[in-house]
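Enquirer: Below are the structure tokens for one structure; questions will follow.
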Amino acid sequence: MPMLQTLGLNKRFGGLHVTNNVDLTLQAGEVHCLIGPNGAGKSTLFRLILGEHLPSSGAILFGGEDITSLKPFQRIRRGMSVKFQVPGIFKALSVRQNLEIAMQHHYPPAVLGEEIDKLLAFLNLTADSTRLAGNLSHGQKQWLEIGMAVSLKPRLLLLDEPTAGMSPEETHATGEMVKRLNAQGMTVLAVEHDMAFVRQVAQQVTVLHLGKVFAQGSIDEIVANEDVAAIYLGQTTAHETAHEPAGGPHA
Amino acid sequence: MNALSRFFARLEGPQTLGRGPGFWIGFLIVLAGACAYPLFSDGYTVGNTVYFFTWIFMALGLSLIWGYGGALSFGQTAFFGIAGYAYGILTINFGAAYGFTFIALLFAVAIAALFAALLGYFLFFGRISGVFLGIVTLSVTLVLERFMAQTAGPEWKIGAARLNGFNGMSNMPPLTVPWPGGDIVLFPDVQLYYVVLGMLVLVYLGLRILVNSPFGNVLVAIRENPERAEMLGYDIRKYQLGTFVIGAALAGLSGVLYTSWGQYITPSSMGMTAAALPIVWVAVGGRSDLTTTLVGTITVLAVFQALTIHGSQYALVVMGIMLVLTVLLAPRGLIYALARLIARPFSKRQPGDA
């Protein structure tokens, strides 16, 4: 059974068709990257999966269960977790308290403290545990939020541009962290611009363009695909793609 | 650590200023002073001090909703008024015998809480937030004031209780403790002082435990970043609603104590001025902490009282100036800023921390 499936997912904002009949399938245990030029509908699709937007039509299945009409917190409780693009942390609270808020209902009180210590060590934030989260460096904030997302022990981890604003070294370290989490059995869906990161982690890649699934396949297949290169260079117009959705070779 | 000691350990934590033996020794000294105070004063003055105390419950409730939860309610006096009138109606109809005044207190507070639950449901589940929350809650308060103000006619009565419009409802019995050999009537005097002081200590400590509990953690998380809080799996609207109801119940408790203290309540207790004052107390003291709210409220009330005696209407102007100065100079509150200043030499701080 796939971990996540979207079936004919449509979202219209007024006359704007932001996602158009999107069928996306994530197998359990894979790292799947969602790429596409600006305005392709990646963020909207992401928010549809999270439940921040409700689709105009179509369905979302999570572990076989129809979650289309569930509220965001209900989806989280079923085993999703998310890291936002802009670090979504509690700035005026200490690093430790940020993690405590994430973890307090997932561990019995007696072991909560130890588990927080472990995660702090994993995130390399032990020395910063009493600092206010808002005073961390940008990279540390990103890691703290990844830590909060991971501490829920999700089946599916959603990452919205996890490496935005990171140095190449930080990006690489983040990629290694994602691979390590994946090795522990976590399914990952990442929206990402950074192709180095995509190459490093992705097992499957879906290209969105103008709200539609343009191409799907392994990273090598996507890189070799001339149509994908073309849309990134802006050579394919909306008019042309409208006539050749099947021309985007589904692998 | 077993569950009970963990419960009491929450008397201090990241959400409250003041921890360690130093703070608690200071707390006990202040408490002892408060207990000893009637010995060095007369019943009339002590009775007037109770008047100050009655407001603090509402201020603490507002601190919880606004300072901790990040939702500015401009309508705490609505719950104050509802509970005050409910106490009046209940006790005028059923009297004070057999300790009924305390049952009336509970009912009145419950009615205020129920009203808050209904209102809060539409507010929070309708996703009203920010300044709109303030506007709606203030509107509800003013509507209630207007409504009560037009109840002067004899047709506006519930049982034996005349609502009396702008003249207000009066002659409800004070809180009365049933006692073998004669009930103890708690007029504004030393006995009432101890009862209210006891309530205050219980509420203050109870709220400290609440805000340092997992519930309080989620509350400040919602204040800081509601989207992130929801995306950690919390149904934030339930938490907001729960907080709103607790805050309203505390405002209701203030309303009952005020009404039984003066045996009097009028619609103006819900008016524009009355609705704005709790916000001044809480903002000036430091809304994001229970202790600074408590100290701030007492301080501002004392200043207000002193000014009222000497300059009547100018007191309100001074309140407004205090609020403006607080917002400009110490947005987290004057008492809060003072507390941080005093604590600074004693605490080790990370470079870069605010």
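The values are calculated or read from the model by the stated rules, or taken from the named source; none is laboratory data. Note that the structure is predicted; figures quoted are calculated from it, not measured. Positions of Cβ are backbone-derived with ideal geometry, glycine not excepted, and every protein chain shown enters the neighbour counts. Surface accessibility is based on the protein's heavy atoms, side chains included, excluding ligands, DNA and RNA. Shrake-Rupley method; radii C 1.70, N 1.55, O 1.52, S 1.80 Å.
Enquirer: Based on what the data block shows, is B:GLY352 open to solvent by less than 60 Å² (accessible area, probe 1.4 Å), within 19 Å of B:PRO14 (Cβ to Cβ) and either at pLDDT 75 or above or not charged (D, E, K, R) (or both)?
Expert: So B:GLY352 fits the description; yes.
Enquirer: Can B:VAL300 be described as at pLDDT 85 or above, open to solvent by less than 40 Å² (accessible area, probe 1.4 Å), away from chain A (no Cβ under 14 Å) and touching a Leu at 6+ places or on another chain (Cβ under 6 Å)?
Expert: no
Enquirer: If you don't mind, there's one more thing I want to ask. For segment A:149-170, enumerate the residues that are out of contact with any strand residue (DSSP E or B) (no Cβ under 8 Å at 6 or more places or on another chain) and assigned to a helix (DSSP H, G or I).
Expert: Within segment A:149-170, A:SER151, A:PRO168, A:GLU169, A:GLU170 meet the criteria.
Enquirer: Only one residue in A:THR25, A:THR44, A:THR6, A:THR19 is under 20 Å from the mean Cα position of the chain (by Cα) and not in a strand (DSSP E or B), so which one is that?
Expert: When all the criteria are applied, what remains is A:THR44.
Enquirer: Residues in segment B:223-236: is at least one touching a residue at least 12 places away in the same chain (Cβ under 8 Å) and away from chain A (no Cβ under 11 Å)?
Expert: No.
Enquirer: Restricting the search to segment B:110-150, which residues are farther than 25 Å from B:LEU90 by Cα and open to solvent by 80 Å² or more (accessible area, probe 1.4 Å)?
Expert: Once the filter is applied, which keeps residues that are farther than 25 Å from B:LEU90 by Cα and open to solvent by 80 Å² or more (accessible area, probe 1.4 Å), segment B:110-150 yields B:TYR121, B:PHE122, B:ARG127, B:VAL131, B:PHE132, B:ILE135.
Enquirer: Sticking with this structure for a sec: Counting only residues that are within 7 Å of chain B (Cβ to nearest Cβ) and without any contact (Cβ under 8 Å) to a residue 40 or more places away in the chain, which one in segment A:111-142 is most open to solvent (accessible area, probe 1.4 Å)?
Expert: A:THR130
Enquirer: Just one of the numbered conditions (1) among the hydroxyl-bearing types (Ser, Thr, Tyr); (2) modelled with pLDDT of 90 or more; (3) open to solvent by less than 60 Å² (accessible area, probe 1.4 Å) is not true of B:TYR336; which one?
Expert: With respect to (1) among the hydroxyl-bearing types (Ser, Thr, Tyr); (2) modelled with pLDDT of 90 or more; (3) open to solvent by less than 60 Å² (accessible area, probe 1.4 Å), B:TYR336 is out only on (2).
Enquirer: Quick one: which of B:VAL327, B:VAL284, B:VAL256 is surrounded by fewer than 21 Cβ atoms within 10 Å (Cβ to Cβ) and part of a helix (DSSP H, G or I)?
Expert: B:VAL327 is the lone residue from the list that is surrounded by fewer than 21 Cβ atoms within 10 Å (Cβ to Cβ) and part of a helix (DSSP H, G or I).
Enquirer: Residues of segment B:167-181 being open to solvent by 90 Å² or more (accessible area, probe 1.4 Å) and at pLDDT 90 or above, which ones?
Expert: B:ASN167, B:ASN171
Enquirer: Take the conditions buried (at least 22 other Cβ atoms within 10 Å of the Cβ), among the aliphatic types (A, V, I, L, M) and closer than 27 Å to A:LEU61 by Cβ and apply them to A:VAL178. Does it pass?
Expert: Yes; evaluated as a whole, the condition is true for this residue.
Enquirer: What is the residue count in segment B:35-55 for residues that are touching a Leu at 6+ places or on another chain (Cβ under 6 Å) and among the aliphatic types (A, V, I, L, M)?
Expert: Adding up the residues that qualify gives 1.
Enquirer: Which residues, taken from segment A:2-20, are within 15 Å of A:THR206 (Cα to Cα) and at pLDDT below 90?
Expert: Scanning segment A:2-20 gives A:THR19, A:ASN20.
Enquirer: Return yes or no: is B:ALA249 touching a residue at least 12 places away in the same chain (Cβ under 8 Å), away from chain A (no Cβ under 14 Å) and open to solvent by less than 10 Å² (accessible area, probe 1.4 Å)?
Expert: no
Enquirer: Would you pick out the residues in segment A:94-120 that are β-branched (Val, Ile, Thr) and under 16 Å from A:ALA149 (Cβ atoms)?
Expert: Selection gives A:VAL95, A:ILE101, A:ILE116.
Enquirer: Which one of these is within 14 Å of another protein chain (Cβ to nearest Cβ), touching a residue at least 60 places away in the same chain (Cβ under 8 Å), buried (at least 18 other Cβ atoms within 10 Å of the Cβ) and more than 28 Å from A:ASP227 (Cα to Cα): A:PHE46, A:PHE84, A:PHE73?
Expert: Criteria check complete, one pass: A:PHE84.
Enquirer: Among (1) closer than 14 Å to B:LEU205 by Cβ; (2) open to solvent by 30 Å² or more (accessible area, probe 1.4 Å), which single condition is B:GLY13 missing?
Expert: Only one criterion in (1) closer than 14 Å to B:LEU205 by Cβ; (2) open to solvent by 30 Å² or more (accessible area, probe 1.4 Å) is unmet by B:GLY13, namely (2).
Enquirer: Restricting segment A:1-17 to residues that are touching a Leu at 6+ places or on another chain (Cβ under 9 Å) and open to solvent by less than 70 Å² (accessible area, probe 1.4 Å), which is farthest from A:GLU65 (Cα to Cα)?
Expert: Filtering first and then ranking leaves A:HIS17.
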